[in-house]
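Shown next, in structure tokens, is the structure this report addresses.
The values are calculated or read from the model by the stated rules, or taken from the named source; none is laboratory data. If you're wondering where the values come from, they're calculated on a predicted model, not measured in any experiment. Cβ placement follows ideal geometry from the backbone for every residue including glycine, while neighbour counts extend to all protein chains displayed. Please note that ligands, DNA and RNA were not included when accessible areas were found on the heavy atoms of the full protein model with its side chains. Shrake-Rupley method; radii C 1.70, N 1.55, O 1.52, S 1.80 Å.
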Amino acid sequence: MGSASRRMAARPGVLAVIAVLVVAVSVLWPWKSGAAPATPVTGNATHFDALGAPYGGCGLPQDVLDSPDFVALNVYNTPGDYSFYPRPIPPSQAAKIGLWDNGRNCGRFVQVTIGDYCTGVNDGAPGQPFCRNGSWVTDGYAGAQLTMVVADSCGDSNAWCRDDPGHLDLSTASLNRFVKNGAPVGDMNPAHWNNRRVSWSYVAAPNYTGDLKLGFLQGAQRYWTAIAVSHLPNGVHGVEFLGADGSWQQAQPDSDLGQAFIIGPTATAGTAYAIRVRDASDAFVNDGRVYRFTLPDQCLSGCAAAYTGISYTTGTSTPTTSTTPTTPTTPTTPAGASCTATSAVTSSWNGGHQLEFTVKNTGSTALAGWTTTFSFAGTQQVTNSWNAVPTQTGQQVRAANANYNGTLAAGATTTWGAVVTGTAQPLTALACTAR
């Protein structure tokens with residue numbers, strides 16, 4: 001067999017499905033089970049034809065990648081266990097985190113070196129040895145190299161993605177572009193492939209010039225501002241945005257799409273943004289350079305394109321906020337529109353719990369959007385969420401719908417969830433506002 005099956009990567013249109021699976025996970029990814037290896041990794045290599053439409057597991061369309069040569073890393077580290085687990089994988093299951101590291105290694109480059117050829121069966125069948133009824137042999141393709149970008153994730157229930165922690169899934173079109181003795185190998189695939197062994201390690205982005213590329217994702221709008229960060233010198237491990245209160249805040253990753261983040265505006269209900277980015281070593285990119293941009297007019301009601309690239313300005317200091325008083329715009333509730341919100345504790349553990357909220361359109365007209373508000377009784381904090389975009393100030397939480405579940409017909413319901421630190425206590429002032 002020459003290629004792995006299509007992996008369980010995040011795709012537009014199924015972001016809600018992925019988000020529903022998200023449970024106890026910190027947006028800061030403090031655990032290190034899937035951290036970058038210090039030495040070259042050896043594993044089996046398979047290949048796949050293309051990223052999903054329109055996104056790969058990192059949250060970028062294929063035509064936005066920095067290189068036509070791309071790879072997928074393993075989501076899970078679960079040899080012998082082919083079950084599916086929540087994505088992102090929560091801290092309580094940190095031992096199951098593969099080198100994908102919940103998307104944390106997205107956008108990094110790896111140098112891949114071709115190794116031995118398998119003369120036997122190497123089909124990735126669950127529970128079966130690699131290269132059974134054969135052996136690994138060295139041939140003339142061994143030593144060929146190619147530098148590739150991490151753009152996708154491999155979470156399928158086969159032996160490649162599960163039993164082999166060092167497994168790489170390579171873009172099919174890249175196989176014959178591997179270089180040996182200064183020239184592409186040309187004909188390794190398909191006749192001389194049969195799932196090779198490879199070794200690989202992280203490297204800096206080759207011949208890097210210029211600056212970051214920023215774009216809004218499909219469906220991004222004023223109340224769900226999802227951006228993608230690319231053209232990275234050394235990956236992206238975090239984005240911070242300048243909030244309406246003038247402080248820098250950690251942006252929430254969009255599930256485990258490692259190059260996609262949910263940011264907030266510099267003014268309440270505004271469409272101007274300022275961010276700074278941390279790389280794979282958690283150092284600020286370009287010494288903390290601030291990138292400032294606005295939501296394009298075509299995205300005010302939701303970006304239609306998979307990726308809407310934007311221009312920006314840069315600076316080395318925090319943007320100065322205007323001292324001119326402004327009057328916030330308060331959205332009005334359409335006639336006949338109303339909604340309610342209820343909550344339930346769906347699970348709990350030592351130090352945290354999970355909440356599920358049900359939002360119902362109780363009005364006589366369809367909703368274009370909704371917002372739930374409530375207050376915690378103590379020092380609880382929302383650390384992750386799905387199907388809504390929450391912001392928290394002290395004990396108060398405000399959560400607006402995601403781009404895909406704001407429209408509700410009369411009588412229809414939707415749910416959103418949150419992972420919360422602290423003991424579960426009754427919420428106060430739980431309410432829903434229709435838009």
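Key figures for this structure:
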| read-out | value |
| --- | --- |
| Hull-based mean projected area of the chain, where the convex hull spans the alpha carbons, in square nanometres | 22.0 nm² |
| Within segment 85-132: Cβ-based charge dipole about Cα centre, in debye rounded to nearest 20 (Lys, Arg +1; Asp, Glu -1) | 220 debye |
| Distance between modelled label sites at residue 364 and residue 344, nm, 7 Å Cα→Cβ extension | 3.1 nm |
| Spin-label model distance (nm) - residue 398 vs residue 272, 7 Å beyond Cα toward Cβ | 1.9 nm |
| Inter-probe distance in nm under a simple model that places probes 7 Å from Cα toward Cβ, at residue 247 and residue 203 | 4.3 nm |
| Mean separation of Cα contacts under 8 Å, 6 or more apart, over the residue count of the chain: relative contact order % | 16 percent |
| Where the chain is the region considered: accessible area per residue in Å², 1.4 Å probe | 41 Å² |
| Area of residue 300 that stays accessible when all protein chains are in place (1.4 Å probe, Å², to 10) | 80 Å² |
| Mean separation of Cα contacts under 8 Å, 6 or more apart, over the residue count of segment 106-205: relative contact order % | 41 percent |
| Of 123, 169, 287, the one that fluctuates the most in a GNM where the chain has Cα springs shorter than 10 Å | 287 |
| In Å², nearest 10: area of residue 201 left accessible to a 1.4 Å probe | 30 Å² |
| Solvent-accessible surface (1.4 angstrom probe) belonging to residue 339, in square angstrom, nearest 10 | 20 Å² |
| Dipole axis of the chain (+1 Lys, Arg; -1 Asp, Glu on Cβ), positive-most option in 393, 112, 363 | 363 |
| Placed amide H near residue 77: partners under 5 Å, 5+ positions off or other chain | 97, 98 |
| In Hz, Karplus ³J(HN,Hα) per residue of segment 225-230 (6.51, -1.76, 1.60; θ = phi - 60°; x = Gly, Pro) | 9, 9, 10, 10, 10, 9 |
| Whole-Hz ³J(HN,Hα) from phi, Karplus 6.51 cos²θ - 1.76 cosθ + 1.60, for segment 122-128, glycine and proline x | 9, 9, x, 5, x, x, 10 |
| Protein-only accessible surface order, largest first, of 167, 192 at 1.4 Å | 192, 167 |
| Heavy-atom accessible area ranking, 1.4 Å probe, most first, across 276, 104 | 276, 104 |
| Potential lengthening between residue 316 and residue 111 on full extension [0.36 nm per residue; Cα-Cα distance subtracted] | 70.5 nm |
| Dipole moment magnitude, nearest 20 debye, the chain about Cα centre, only Lys, Arg, Asp, Glu C-beta charged | 580 debye |
| Carbon and sulfur %, accessible surface of the chain computed with the full protein complex present, 1.4 Å | 52 percent |
